[in-house]
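The next block holds one structure in the form of structure tokens; read it before the comments.
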Amino acid sequence: PRFVLFTLLFSALTFWCQGQTASVNNIVPKPVSFIATGEKPVTLNKHTVIVADAAYKQQAEYLQELLLNQCNLGLAIAAPDARKTRHSRIMLVHDTVEANRPEMYWLEAGGPVVRIKARDVAGMVHGIQTLMQLLPLQKVKEVKFATVEVKDYPRFAYRGMHLDVSRHIFPLDFIKKYIDYLAFHKFNTFHWHLTDDQGWRLQIDSYPKLTEVGAWRNSTLIGHFKDTPARYDSTRYGGFYTKDQVREIVKYAAVRGINVVPEIDIPGHSRAIIAAYPEFSTRPDTVWQVANTWGMYNRQNNVLAPTPGTFQFLETVFGEVADLFPGEYVHIGGDECSKMWWKADPKTQAFMKANGLKDEKELQTYFIKQVSGYLAKKNKKVIGWHEILEGHLDTTAVIMNWGGAKQGIEAAQRRHTVIMSPGKPLYFDAYQSKDPKDSLAIHGYNPLDAVYNFNPVPAELQQLRLDKYILGAQGNVWTEYMGSPAKVEYMVFPRMTALSEVLWTDPKQKDFEDFKRRIKTTMIPRFSFWGSAYFKNFERWT
Ligand code: TNX
């Protein structure tokens, strides 16, 4: 009788797991169009095969892995000519007619076929993410996949998330996990902030001291901020990524439709460079150390000096970076460059005079122009923080605006393509609550609804008909107070989810209440499945 009971229980459980899926639109970010067509559901089980056009061979493998991890369904990939199998199939189709926009996909399920059509890899990956959201988040033997027709494409061309690995470095496995998070949310860009005052994190063959010296500081923790006491210990802290590791990440991201934009932050935020090569600073005779504190350095030199050696260095370093990252953009930083060291240095002043540069702002822009020139020779376009516009020497750089609407409008009026990344609300290092016991953060209060309600196109810009200059937006994750992957996850979830909908979904379709419902139905189980930390109290603080 015991055996019978177990068998009964087991079948009841399997039956429960086989329940139909997909009839409700719980998808995040919300798609353009979702229709439950009500035809006979598609049965997916271990006999189902994945059939992919040649363009999507790697995405077929990616889907295979996702299905195995999420549903314990180990499907075979069949050759493209095996379209006439007796069993159900998931088809990844290269289509440029119906999928007539970049990153667009169609997901259709009916008869024995689930079909995803897309014109490019990113579109195919987005279709795969939607499919995975419609499948049960548990092991199944078989699933009846309800018939749907989803037509979907993004609102913005640039949808980015940034991660600062200088203030704290993260293991390669977490970088991959982070890219998986981005792919799930239909972002298409990972901005990798690889260098800063607190550590240089990228192997450069021509200048080995960048990683031998510049990747290490004398404390695990960094501080201080306002009333928060500086926290130090005396542990040597640091690390860097080798070129092989970077290639692995770039490849991993590409399969998932994500482009990696590396940032090498110059001419300010360069303490790690100066610690390794003091000859590139305005005080070559001084020994500088990789920074243990953070903030804008006025008293501590972190600015490159305009010497022939420095420009040679920059050309070589950016050359190696350009060769390593296949994407069209390289981010050259350009933010928060302190001018006092240039003002105090007679050699720098002489350089400015000789080159007709009126002031230090023009010198800053001169640096950007030089580096843009090196990168143009390598067929790369430049992205820089909005301060690179200060010097009024024209560049064609894409502006990443961490200021407000005002700076965005100014950049667009000067005919620059703009990526909006305003501190409020797109800095995810800010607090999500006003709870005094909340984990240490900076910049005050930046709750979920502020992120959700953000519009990357300021109204005034729309009126000026300059909205075409807004390429998209990005969430930034500065890690001064994020010493572990779990802390990063806690800070970004669910705000990253809110941003994904800002960037993907037509504003007319957005609804914060419905979004919160989907956080509960779709995201919370997903965070648990991933084993990821997240901010649980978001309802109280919106
Ligand atoms: C400003 S905004 C910075 C970063 C800090 C961040 C802290 C910008 C381009 N630079 O160096 O980490 O504030 O939120």
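The values are calculated or read from the model by the stated rules, or taken from the named source; none is laboratory data. Bear in mind that the values here come from a model prediction, so they are computed numbers and not experimental data. Don't worry about glycine lacking a Cβ; one is built from the backbone with ideal geometry, like all the others, and counts go over all protein chains shown.
Within region 48-61, the set of residues being surrounded by 15 or more Cβ atoms within 10 Å (Cβ to Cβ) and farther than 12 Å from I90 by Cβ comprises D53, A55, Q58.
Among the residues making up region 399-409, a single one is within 14 Å of the ligand (Cβ to nearest atom), of a type in the set (A, V, I, L, M, F, W, C) and outside any strand (DSSP E or B): W402. The listed residues are D429, D435, and the only one of them that is crowded, with 20+ Cβ neighbours inside 10 Å and among the acidic types (D, E) turns out to be D429. Checking each residue in region 410-424 for being more than 13 Å from the ligand (Cβ to nearest atom), outside any loop (DSSP other than H, G, I, E, B) and either surrounded by fewer than 22 Cβ atoms within 10 Å (Cβ to Cβ) or charged (D, E, K, R) (or both) picks out E410, Q413.
For region 425-468, residues that are of a type outside the set (G, A, S) and either within 19 Å of E539 (Cα to Cα) or within 16 Å of the ligand (Cβ to nearest atom) (or both) total 24.
Taking region 476-492 as the search range and keeping residues that are more than 11 Å from the ligand (Cβ to nearest atom) and hydroxyl-bearing (S, T, Y), which one is surrounded by the most Cβ atoms within 10 Å (Cβ to Cβ)? The residue in question is Y490. One residue stands out in region 268-289 among those that are in a loop (DSSP other than H, G, I, E, B) and within 31 Å of the chain's Cα centre (by Cα): the one that is farthest from the ligand (Cβ to nearest atom), namely Y277. When D265, D196, D164 are checked against the criterion of being within 16 Å of the ligand (Cβ to nearest atom) and either touching a Phe, Trp or Tyr at 6+ places or on another chain (Cβ under 7 Å) or not assigned by TED's automatic domain parsing to the domain that holds N301 (or both), D164 stands alone in meeting it. Across region 231-270, the qualifying residues are those that are among the basic types (K, R) and at pLDDT below 95, and the one among them that is nearest to P326 (Cα to Cα) is R236. With respect to the conditions (1) more than 30 Å from L471 (Cα to Cα); (2) at pLDDT below 90, N302 lacks only one, and its number is (2). The condition of being more than 34 Å from the chain's Cα centre (by Cα) and modelled with pLDDT of 85 or more holds for only one of P29, P41, that being P41.
So if I check each of D173, D205, which one is over 24 Å from the mean Cα position of the chain (by Cα) and at pLDDT 95 or above? Lay out the reasoning, then the answer.
Details: D173 fails: over 24 Å from the mean Cα position of the chain (by Cα).
Exactly one residue qualifies, and that residue is D205.
Restricted to region 332-398, the set of helices (runs of 4 or more DSSP H) holding at least 1 residues that are among the small types (G, A, S) comprises 346-354, 360-377.
Looking at this structure, is D359 more than 16 Å from the ligand (Cβ to nearest atom) and surrounded by fewer than 22 Cβ atoms within 10 Å (Cβ to Cβ)? Spelling it out, D359 is indeed more than 16 Å from the ligand (Cβ to nearest atom) and surrounded by fewer than 22 Cβ atoms within 10 Å (Cβ to Cβ). Of the set (1) in contact (Cβ under 8 Å) with a residue 24 or more places away in the chain; (2) within 16 Å of the ligand (Cβ to nearest atom); (3) under 29 Å from K369 (Cα atoms), all apply to L471 but (2). Reported count of residues in region 295-328, each being of a type in the set (F, W, Y) and buried (at least 22 other Cβ atoms within 10 Å of the Cβ), is 1.
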